[in-house]
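Step one of this worksheet: look at the structure below.
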Amino acid sequence: MDRPLRLGVLTPSSNTALEPLTSALVAELPGCSAHFSRFRVTEISLSAQALGQFDDAPILAAAELLADAQVDVIGWSGTAAGWRGFDTDRELVRRIRERTGIPATTAVLALNELLALGGVERLALLTPYTADVQERIVRNYGAIGVEVVAEQHLGISVNHDFALVEPTTLLGSMRELAAARPQAFTTFCTNLRAAPLAAQVERELGIPLLDTVSTTVWGMLRAAGTDPARIRGWGRLFDWS
């Protein structure tokens with residue numbers, strides 16, 4: 001790499017999983033580093049207060065702080081568009097670019113692009129969320145032609161606690177979801193310690209794992225003009241282009 005590649009990552013304030021995972025992913029690329037900016041997110045639910053955490057103003061303020069580091073791309077490593085609607089992320093990306101002049105993407109937009117590239121129409125959805133949040137996500141994917149053929153959710157609403165879910169629990173859930181023969185799994189939450197499971201899941205079950213921490217990195221690399229396939233050992237998604 002001729003010059004450093006700096007990835008700017010927008011992070012929910014109570015998330016403790018995505019920063020070490022993102023840094024481990026980008027360590028595969030010499031000269032690449034990840035830089036993080038937080039805004040307050042502590043609860044995932046459909047209450048007005050919880051939905052209000054994702055208003056643009058604090059997110060854009062965090063993006064402007066990343067711009068001070070002259071990052072090459074800004075990625076929102078969060079999945080709120082899954083229940084708020086995909087247009088919210090499209091608008092956020094537009095506003096980040098307008099405010100900072102820096103290319104932007106999100107975990108969910110990158111995931112949706114991967115689903116299209118892979119021709120995925122049958123998806124298994126694994127989240128830590130509550131049933132009503134999960135229902136919204138399932139409905140939004142159905143609206144774009146992606147059927148959630150199997151799902152599990154853990155019924156948790158405290159964002160901090162998502163990172164406490166053991167990877168072995170997630171692996172067990174994916175083994176159960178595999179019975180529905182999905183074309184892909186998604187571990188849909190950037191505060192789950194799921195990304196390192198990709199190689200094992202794909203080897204054992206033969207189904208690609210599209211973890212949303214990983215999709216954020218994939219999308220940022222694409223937006224920055226870098227080939228995601230340079231990342232090895234973190235799942236098949238990095239070969240999709």
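The values are calculated or read from the model by the stated rules, or taken from the named source; none is laboratory data. Note that the structure is a prediction, hence the values are computed from the model and not measured. Cβ coordinates were reconstructed from backbone atoms using ideal geometry, including for glycine residues, and neighbour counts include every protein chain displayed.
Structure notes:
- Filtered residue count, segment 27-52, keeping only those that are surrounded by fewer than 20 Cβ atoms within 10 Å (Cβ to Cβ) and outside any loop (DSSP other than H, G, I, E, B): 10
- Meets criteria (modelled with pLDDT of 95 or more, surrounded by fewer than 18 Cβ atoms within 10 Å (Cβ to Cβ) and under 22 Å from residue 103 (Cβ atoms)) for residue 56: no
This table checks each residue for (1) charged (D, E, K, R); (2) more than 17 Å from the chain's Cα centre (by Cα); (3) not in a helix (DSSP H, G or I).
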| site | (1), (2), (3) |
| --- | --- |
| 129 | no, no, yes |
| 145 | no, yes, yes |
| 168 | no, yes, no |
| 182 | no, yes, yes |
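- Answer residue from segment 65-112, given it is of a type in the set (Ser, Thr, Tyr) and either in contact with a His (Cβ under 8 Å, 6 or more places away or on another chain) or in a helix (DSSP H, G or I) (or both) and is surrounded by the fewest Cβ atoms within 10 Å (Cβ to Cβ) among those: 88
- Reported count of residues in segment 93-146, each being touching a strand residue (DSSP E or B) at 6+ places or on another chain (Cβ under 9 Å), assigned by TED's automatic domain parsing to the domain that holds residue 61 and without any contact (Cβ under 8 Å) to a residue 12 or more places away in the chain, is 2.
- Qualifying positions in segment 226-241 - among the aromatic types (Phe, Trp, Tyr) and assigned to a helix (DSSP H, G or I): 238
- The number of residues in segment 79-99 that are within 17 Å of residue 186 (Cα to Cα) and touching a helix residue (DSSP H, G or I) at 6+ places or on another chain (Cβ under 6 Å) comes to 4.
- Candidate set from segment 205-241 (those that are acidic (Asp, Glu) and touching a residue at least 12 places away in the same chain (Cβ under 8 Å)); member that is surrounded by the fewest Cβ atoms within 10 Å (Cβ to Cβ): 227
- Selected residue [of a type in the set (A, V, I, L, M, F, W, C), surrounded by fewer than 17 Cβ atoms within 10 Å (Cβ to Cβ) and outside the structural domain of residue 46 (by TED's automatic domain parsing)] from 170, 164: 164
- Scope segment 57-80; condition without any contact (Cβ under 8 Å) to a residue 40 or more places away in the chain and under 18 Å from the mean Cα position of the chain (by Cα); matching residues: 80
- Which numbered condition residue 151 misses (of (1) assigned to a helix (DSSP H, G or I); (2) farther than 26 Å from residue 63 by Cα): (1)
- Evaluated against (1) more than 21 Å from residue 234 (Cα to Cα); (2) of a type outside the set (A, V, I, L, M, F, W, C); (3) modelled with pLDDT of 95 or more, residue 6 falls short on exactly one condition, (1).
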